[in-house]
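Quick one: the structure is below, questions incoming.
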Amino acid sequence: MSQDKSREFLHSGNSKDKFKFFFKATLLQQVEDLLFGIEIQLKNANELVAELEKSINPIVKELDELQGKIRSMEHIEEISNQVDSLKKKLAWAWVYNVDKQLQDKSKRIEELKGRVPTCQSRIDQHLTKMEELNDQLTKKKAQIAHMMEKTSEVRRMTEELKQSLSLATKEKLELEEERGRRSNYIQKMAKRVKMFEQKICDMDEQNIRDTQAEDLDMEVKLKEFQAEIDRANVVFQRLRNEEDTLLDKINQAKDQISKLFHEIEEYDKRGRDIHSRIRELQLHQSNKVTAFGGGRVMNLLEVIERQHRKFNRAPIGPIGAHVTLVDGDKWGTAIECAVGKVLNAFIVTDHKDSLLLRACAREANYNHLQIIIYEFSRPRLHIPDHMLPQTHHPTAISVLRSDNPTVLNVLVDVSNAERQVLVKDYDAGKTVAFEQRISNLKEVYTSDGYKMFSRGSVQTILPPMKNMRGGRLSGSYDNKIKTLESEALEVQNKARQSEGMKRSIHEELQGLHDNLQSAKKRRHDAEKVLRSKEFCLQDFKKSYVAESSSSAVSTVDELHVELSKIRDEMHERENLLEKLQVRLKEADNKANDVKISFENLCESAKVEIGALEEAERELMMIDKDLKHAELKKNHYEEVMSTKVLSQLKGAEAEYRELEHNRRESYKKASIICPESEIETLGGCDGSTPEQLSAQLTRLSQRLQQESRRHPESIEDLRMLYNKKERKILRKQQTYKAFREKLGACHKALELRWRKFQRNATLLKRQLTWQFNGHLGKKGISGHIKVSYEEKTLSIEVKMPQDASSSSVRDTRGLSGGERSFSTLCFALALHDMTEAPFRAMDEFDVFMDAVSRKISLDAVVDFALAQGSQWIFITPHDISMVKQDERVKKQQMAAPRS
């Protein structure tokens with residue numbers, strides 16, 4: 001290792017050259033080349049064996065053809081034998097078939113004979129049951145009639161008690177109401193007694209104070225004072241009403257101004273939204289792509305264009321730029337609600353492209369980009385009619401058009417556009433979504449944005465989304481821009497009108513404030529005048545009361561008389577109230593007795609009514625059983641006459657005919673072959689004569705066809721087959737041995753490849769650990785990144801002064817001494833991973849400072865002593881600091897002569 005090699009290695013920014021240096025130094029390059037060479041040789045050997053195997057294929061084919069012919073000839077012999085045996089079986093099959101029919105017919109006759117007594121016993125059984133049920137029905141009707149009489153009597157008594165209870169309760173309520181009225185009247189009379197007593201007391205005190213007659217002059221003055229106060233009060237009230245009226249008008253004007261202010265703000269907001277929408281539509285008109293992501297999507301497309309070679313397949317997007325809408329003015333809003341979120345998405349073909357596209361989106365500052373992974377090679381999906389919603393309304397996929405089949409496939413697979421139905425209005429949507437129960441229907445969208453769907457028994461209707469802007473898929477924007485401009489002009493005119501009204505009301509409010517100040521001032525003056533006159537009147541009254549006194553003895557006597565009358569009447573009313581309380585208690589006891597009697601009667605009536613209902617249910621069950629027994633009796637009588645007896649006569653006639661047929665068939669079969677021969681052949685195997693006849697016909701035809709196809713002798717074919725088989729068997733065994741050896745070689749190669757990859761991974765980890773361990777002697781940390789797939793190696797070093805920073809600096813940003821020390825650490829890490837008898841380093845510390853040189857010399861000497869191999873270190877600097885050891889030899893050359 002020399003300083004030139006160090007500078008060349010660390011100054012190079014090519015990570016692939018560094019990887020090659022590491023790959024060769026660790027002998028991984030040599031092992032990989034050997035494995036690749038072996039793999040090529042095995043491939044060539046496989047091809048050679050395959051050619052050898054192909055060379056014997058014609059002979060193998062001839063053997064297969066011969067074997068097929070031999071099997072066909074053997075099959076002809078088998079068919080001939082089968083035809084003979086089938087003829088014999090067919091003859092006796094007719095006999096056995098008749099025997100089977102005779103046996104079945106005999107069983108049928110016995111069964112029919114056995115059903116006659118059974119049917120008769122069933123008929124007798126149901127007749128007996130009908131008689132018993134008729135007796136029970138008569139008894140139960142008599143019992144129900146008796147119970148009906150008792151129940152009607154109980155119901156009559158119940159109604160009487162209910163009426164008595166109602167009258168007793170009514171009487172009790174009337175008495176309680178009467179008691180309440182009389183108690184209230186007595187309380188009022190007691191209050192009157194207290195009032196009269198207080199009045200008598202007050203008049204007694206007044207009579208003591210008022211000992212002089214009223215003065216007529218004083219009354220006149222009081223009237224004059226009162227008249228002046230009334231006039232001042234009228235003026236004050238008029239001014240106060242005027243002030244209140246002005247306040248109401250001011251509040252109304254303020255409310256109108258506030259309302260107009262909110263209207264103006266709303267108009268301004270609408271105007272800004274409309275102008276923003278116009279600018280957006282104008283931008284979409286100049287470039288349709290901006291409708292699906294705004295300006296960010298243009299930046300993203302530029303980044304994708306710059307890095308298009310890195311993609312396996314160029315991304316498709318945004319999806320909205322690749323589709324068009326049929327009748328966009330009608331379905332624009334509905335399509336936005338249905339698949340609007342997917343229109344901004346991009347489509348890639350695999351996960352690697354999705355990661356690359358996500359990196360491009362971050363570079364273009366396009367966050368939260370929706371990416372859909374879909375196989376581009378898939379053809380356009382064909383959806384069967386039975387998997388589509390059965391309705392005359394259009395679906396989302398039916399109104400969308402695109403030249404790219406991948407875009408349409410994504411709309412189907414991701415958004416289920418084929419199951420989203422579009423309708424005209426709200427009523428039609430409710431009919432389709434909830435009433436028609438259409439299969440394969442996911443959601444229904446109206447033209448104004450309503451979404452309807454049902455999940456099980458739950459029906460859901462969602463209103464249109466707020467701030468939703470449809471029409472992104474529309475091809476023409478001129479009409480929409482004109483409509484929005486006219487709407488903006490109308491909003492602007494309304495805002496101006498409101499502003500004018502606001503100014504006029506504000507001016508009116510200013511005038512009302514001035515009038516209010518004037519009214520307040522006049523009202524304060526009138527209030528001062530009124531208060532001064534009231535104070536004068538009070539002073540005059542005090543002086544008048546102090547001077548005047550009068551007596552009212554006659555009035556006090558009258559009050560005493562009235563008080564005694566009231567007391568007598570109150571005492572009489574109290575006596576009546578006590579009598580009424582006694583009547584109320586008696587009525588309450590009577591009502592309770594009637595209620596208890598009514599409850600007891602109800603309980604007994606429940607028992608009687610329950611018994612009656614139970615009896616009626618039993619009567620219905622008896623009647624039902626009677627009808628059922630009668631139906632059963634009629635059924636068995638009909639079965640006896642129509643099925644059992646008639647069928648028995650027919651079966652006996654058929655049995656006699658079958659016996660005659662059996663004798664005829666037996667004579668014919670005995671002529672063809674004896675019955676013992678059929679038994680040796682295994683019988684007829686349960687087959688019918690029709691089946692055996694059809695099988696015999698097919699085999700005869702097949703025997704004729706096969707005989708015409710193969711005129712050769714079967715023995716000649718077998719001799720020729722054995723001769724060729726011996727010829728080719730040896731070669732097949734040889735080639736099979738070659739294949740087994742090649743398979744073992746392939747398994748060994750795969751094992752060595754796995755060991756090679758595992759060793760490479762372990763060497764990569766060991767390199768990083770060794771490198772970081774040597775750097776730690778100087779307080780430095782670092783990391784080595786090795787990628788076998790990309791064949792790159794990069795070194796990163798973090799200096800101690802960068803401890804507060806999270807950034808890692810590359811070796812090219814280090815000083816000369818730091819770079820040399822890092823190179824030394826990397827070289828030592830590689831030396832520790834390789835074996836060599838001689839190693840040398842030339843001027844490795846030429847760019848180091850004294851501290852780094854001391855650390856480096858100690859590190860390399862300790863490493864050499866630990867390794868045990870021979871090392872040569874060449875340096876122009878002082879080596880006295882190198883430690884002494886029996887295996888360390890120093891050689892210092894004299895300085896060159898000047």
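Across every pair of different alpha-carbon atoms, what Kirkwood hydrodynamic radius in Å does the stretch 45-187 reach? Numbers along the way, then the final one.
On the way: mean 1/r = 0.0345 Å⁻¹.
Kirkwood hydrodynamic radius for the stretch 45-187: 29.0 Å.
Just to be sure I understand the model, the point goes 7 Å from the Cα along the line to the Cβ. What's the resulting Glu149 to Glu266 distance in nm?
Using points 7 Å along Cα→Cβ, the separation is 8.5 nm.
If the cut-off is a Cα-Cα distance under 17 Å, which aspartates and glutamates reach Lys736, setting aside same-chain residues fewer than 8 apart in sequence?
Partners found: Glu47, Glu51, Glu53, Glu725.
Points 7 angstrom from Cα along the Cβ direction at Leu751 and Thr431: gap in nanometres?
The answer from the label model is 7.8 nm.
Report the calculated FRET efficiency for Asp327 and Lys352 (r = Cβ-Cβ distance, R0 = 41 Å), to the nearest 0.05.
Details: r = 40 Å, r/R0 = 0.97.
Taking R0 as 41 Å, the efficiency between Asp327 and Lys352 is 0.55.
Among 133-145, 419-431, how do they line up from the highest to the lowest mean number of other beta-carbon atoms within 10 Å? Mind dumping the intermediate values first?
Details: 133-145: 13.5, 419-431: 18.5.
Highest to lowest by the protection proxy: 419-431, 133-145.
While we're looking at this one, here's another question. Can you give the FRET efficiency for Arg567 and Asp593, using 1/(1 + (r/R0)^6), R0 = 60 Å, r = Cβ-Cβ distance, to the nearest 0.05? If you can, show how the numbers build up before the last one.
Working: r = 40 Å, r/R0 = 0.67.
With a Förster radius of 60 Å, E is 0.90.
Taking every pair of alpha-carbon atoms in the stretch 736-779, give the share separated by more than 14 Å as a whole percent.
Details: 630 of 946 pairs.
Across the stretch 736-779, Cα pairs with separations above 14 Å total 67 percent.
Assuming 0.36 nm per residue, please report the length gained on full extension of the stretch Val529 to His506 beyond their Cα-Cα distance. Walk me through the intermediate numbers first.
Details: separation 23, 0.36 × 23 = 8.28 nm, distance 3.53 nm.
Length gained between Val529 and His506: 4.8 nm.
For the pairs Lys54/Lys747; Lys87/Lys723; Lys18/Lys310; Lys595/Lys624; Lys20/Lys310; Lys269/Lys451, note any where the Cα-Cα span goes beyond 32 Å. Don't jump to the answer; show the numbers that get you there.
Details: Lys54/Lys747 24 Å; Lys87/Lys723 40 Å; Lys18/Lys310 24 Å; Lys595/Lys624 43 Å; Lys20/Lys310 24 Å; Lys269/Lys451 28 Å.
Exceeds cut-off: Lys87/Lys723; Lys595/Lys624.
Packing-wise, with mean Cβ within 10 Å as the measure, how do 379-386, 443-450, 226-233, 847-854 rank, highest first?
On the way: 379-386: 8.9, 443-450: 21.6, 226-233: 14.4, 847-854: 16.4.
Ranked by mean Cβ neighbours within 10 Å, highest first: 443-450, 847-854, 226-233, 379-386.
Using a Förster distance of 60 angstrom, determine the FRET efficiency expected from the C-beta separation of Lys494 and Glu224, and round it to 0.05.
On the way: r = 64 Å, r/R0 = 1.07.
Working from the Cβ atoms, E equals 0.40.
Once you have the Cα-Cα distance between Asn241 and Met387, take 0.36 nm times their residue separation minus that, and quote the gain in nm to one decimal. Spell out each step's value before the answer.
On the way: separation 146, 0.36 × 146 = 52.56 nm, distance 7.98 nm.
Computed gain between Asn241 and Met387 is 44.6 nm.
Roughly speaking, to the nearest percent, how much of the stretch 328-473's 1.4 Å accessible area is carbon and sulfur? Don't skip to the answer; put the middle values down first.
Numbers: 3670 of 7600 Å².
Ligands and nucleic acids excluded, carbon and sulfur reach 48 percent.
Measure off 7 Å from each Cα along the Cα-to-Cβ vector at Asn515 and Ala866, then give the distance between these two points in nanometres to one decimal.
Spacing of the two 7 Å Cα→Cβ label points: 10.5 nm.
Related question: How would you order 18-25, 573-580 from highest to lowest mean count of nearby Cβ atoms within 10 Å? Mind showing how you got there, number by number?
Working: 18-25: 17.1, 573-580: 12.1.
Descending packing order for the listed peptides: 18-25, 573-580.
Label 7 Å along Cα→Cβ of Ala840; the stretch 869-884 residues with amide nitrogen under 19 Å?
The answer is 869-877.
Between Ile38 and Lys87, what is 0.36 nm times their sequence separation minus the Cα-Cα distance? Round to one decimal in nm.
Details: separation 49, 0.36 × 49 = 17.64 nm, distance 6.97 nm.
This chain segment gains 10.7 nm when fully extended.
May I ask you to give the solvent-accessible area per residue for the stretch 300-449, in square angstrom, as obtained with a 1.4 angstrom probe? Before the final figure, lay out the partial values.
Working: 7550 Å² over 150 residues.
Result: 50 Å² per residue.
Ignoring ligands, DNA and RNA, please state the percent of accessible area on the stretch 72-168 from carbon and sulfur, probe 1.4 Å. Let's see the in-between values first.
Working: 3170 of 6220 Å².
Heavy-atom surface of the stretch 72-168 belonging to carbon and sulfur, 1.4 Å probe: 51 percent.
A further question follows. Tell me, what is the per residue accessible area of the stretch 89-159 in Å², probe radius 1.4 Å?
On a per-residue basis, 65 Å².
The values are calculated or read from the model by the stated rules, or taken from the named source; none is laboratory data. What you see is a predicted model; the values in this text were computed from it and never measured. No Cβ is skipped: glycine too gets one built from the backbone with ideal geometry, and neighbour counts run over all protein chains shown. These accessible areas exclude ligands, DNA and RNA; they are computed on the full protein's heavy atoms, side chains included. Shrake-Rupley method; radii C 1.70, N 1.55, O 1.52, S 1.80 Å.
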